[in-house]
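Every read-out reported here was derived from the displayed coordinates using simple, explicitly stated rules and does not represent laboratory data. Computed from a predicted model, the values in this text were never measured in an experiment. Here the Cβ positions follow ideal geometry from the backbone for every residue, glycine too, while neighbour counts run over all protein chains shown.
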Amino acid sequence: MPLSNPEIARLAISLLDLTSLNDSDDAAAITALCRRAVTPCGPVAAVCVYPRFVALARQTLDALGAPDIRVATVTNFPAGAPLPEQAARETRAAIAEGADEVDVVYPYGALKAGDREAGRALVRACREACGAQALLKVILETGELANPALIEIASRDAIAAGADFIKTSTGKVPVNATPQAARVMLNVIRENAGRAGFKPAGGVRTLDDARLYIEMAAQVLGAEWVCPAHLRLGASGVLSDLLRHLGIEDAPVRTGY
């Protein structure tokens, strides 16, 4: 049976990586983001901030009595340079600051130029840097890869090299999450027995957007697979719409994505 709008809204909130990745971010903005993360309908899965705000986000969430909300950050962001050592160094530094999850940008430009090994090497290096301390979420930048065959290759290689999640986008390019890219990525995850997670990001702004990806994931991998351990929604603006469908007025703050 299809879920009602309130059911989808509550589920989407639990899957949300509430994100702020603006050049103008400051301590006040990140503190406000963390406060929004503790919603009247339950906590989001994670907040995603630049590395320089990881410690502040962790401290704020703990002070709010929300230690289970994870802190995610980004590395090799947003360009996706084919530099494994640099990406691993940034990843280790972010974990040292308290990051629970690292969203690293895959070197999509190298793959487009025919260099498949660059992506494998970078993900392997960041997998080693994360160890058992942090989840590794690999941003494929599918809007720039564009070609479904390249998206499939990047998905397979990232998972084989140790990605815990594969993610569509940085939110910093013209084309971000799309249903077409999501379908390719979810099919690769299914080929890998559902062991990796999936995160659409960029352009997830309404309850209907959230529903699309939730229902697609359930269709490909099963309804029981749809949980924060496997599916995240990378967004910021969508929270207001989700709360609206639950009859709650929200006071949004300026955020990224």
Taking Cα pairs closer than 8 Å and at least 6 residues apart, the relative contact order of the range 202-250 in percent is 46
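So if the hydrodynamic radius of the range 115-251 is defined as the Kirkwood radius over C-alpha pairs, what does Stokes-Einstein give as its diffusion coefficient at 25 °C and 0.890 mPa s, in µm² per second? Don't skip to the answer; put the middle values down first.
Values: Rh = 15.3 Å.
Once the numbers are plugged in, D ends up at 160 µm²/s.
Given the rule -39500 (n - 2.57) for each run of at least 4 DSSP H residues, summed and divided by the residues of the chain, what is its mean residue ellipticity at 222 nm, to the nearest 500 deg cm²/dmol? Please list the in-between numbers first.
Numbers: 11 runs with 118 residues, N = 257.
The helix-only estimate for the chain comes to -14000 deg cm²/dmol at 222 nm.
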Counting only DSSP beta bridges fully inside the range 1-146, the antiparallel percentage to nearest 5 is 10
Rounded to whole angstroms and listed largest first, the alpha-carbon spread of the range 44-149 along its three principal axes comes to 48, 25, 21
Computed for the range 62-193: size of charge dipole around the Cα centre, +1 on C-beta of each Lys and Arg, -1 on C-beta of each Asp and Glu, debye to nearest 20, value 320
Ranked by GNM mean-square fluctuation in the chain (Cα springs under 10 Å), the top entry among Gly247, Gly119, Gly143 is Gly247
Candidates Ala182, Ala88, Ala32; GNM for the chain (alpha-carbon contacts under 10 Å) flags as most fluctuating Ala32
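Just for the chain, what percent of DSSP beta bridges are antiparallel, to the closest 5? Write out the running numbers ahead of the final one.
Numbers: 2 of 30 bridges.
Approximately 5 percent, going by the DSSP bridge assignments.
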Given 10 °C, 1.306 mPa s and a Kirkwood radius over Cα pairs, the Stokes-Einstein diffusion coefficient of the range 94-178 in µm²/s is 124
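Given +1 on the Cβ of Lys and Arg, -1 on the Cβ of Asp and Glu, and no further charges, what dipole in debye does the range 119-257 carry about its Cα centre, rounded to the nearest 20? Display every interim value, and only then the final one.
On the way: 16 positive and 14 negative charges, 63 e Å.
Charge dipole of the range 119-257: 300 debye, to the nearest 20.
Under a point-charge model restricted to the Cβ atoms of Lys and Arg (+1) and Asp and Glu (-1), what is the dipole moment magnitude of the chain relative to its Cα centre, in debye to the nearest 20? Walk me through the numbers before you get to the answer.
On the way: 26 positive and 29 negative charges, 39 e Å.
That gives a dipole near 180 debye.
Test of understanding: what is the full-extension gain from Asp115 to Leu246, defined as 0.36 nm times their sequence separation minus their Cα-Cα distance?
Numbers: separation 131, 0.36 × 131 = 47.16 nm, distance 4.72 nm.
Additional length available on full extension: 42.4 nm.
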Checked against the positive end of the charge dipole of the range 14-124 (+1 on Cβ of Lys and Arg, -1 on Cβ of Asp and Glu, about the Cα centre), the farthest of Val54, Ala121, Leu15 is Ala121
In a Gaussian network model of the chain with springs linking alpha carbons closer than 10 Å, the residue among Asp17, Asp68, Asp100 that fluctuates most is Asp68
Quick P(r) readout (the chain; Cα-Cα; 10 Å bins; whole %) gives 8, 34, 38, 18, 2, 0
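Taking the convex hull of the alpha carbon atoms in the range 164-225, what volume per residue do you get, in Å³? Could the numbers behind the result be given before it?
Numbers: hull volume 4.7 nm³, N = 62.
That works out to 76 Å³ per residue.
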Short to long, in 10 Å steps from zero, the percent of alpha-carbon pairs of the range 1-45 per bin is 25, 42, 23, 8, 1
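Evaluated at 10 °C with a viscosity of 1.306 mPa s, what Stokes-Einstein diffusion coefficient in µm²/s does the range 179-257 have when Rh comes from the Kirkwood expression over alpha-carbon pairs? Please list the in-between numbers first.
Working: Rh = 13.3 Å.
Roughly 119 µm²/s, to the nearest whole number.
Given Cα pairs under 8 Å that are at least 6 residues apart, what percent is the relative contact order of the chain?
Working: 544 pairs, mean separation 51.6, N = 257.
Averaging sequence separation for qualifying contacts and normalising by length gives 20 percent for the chain.
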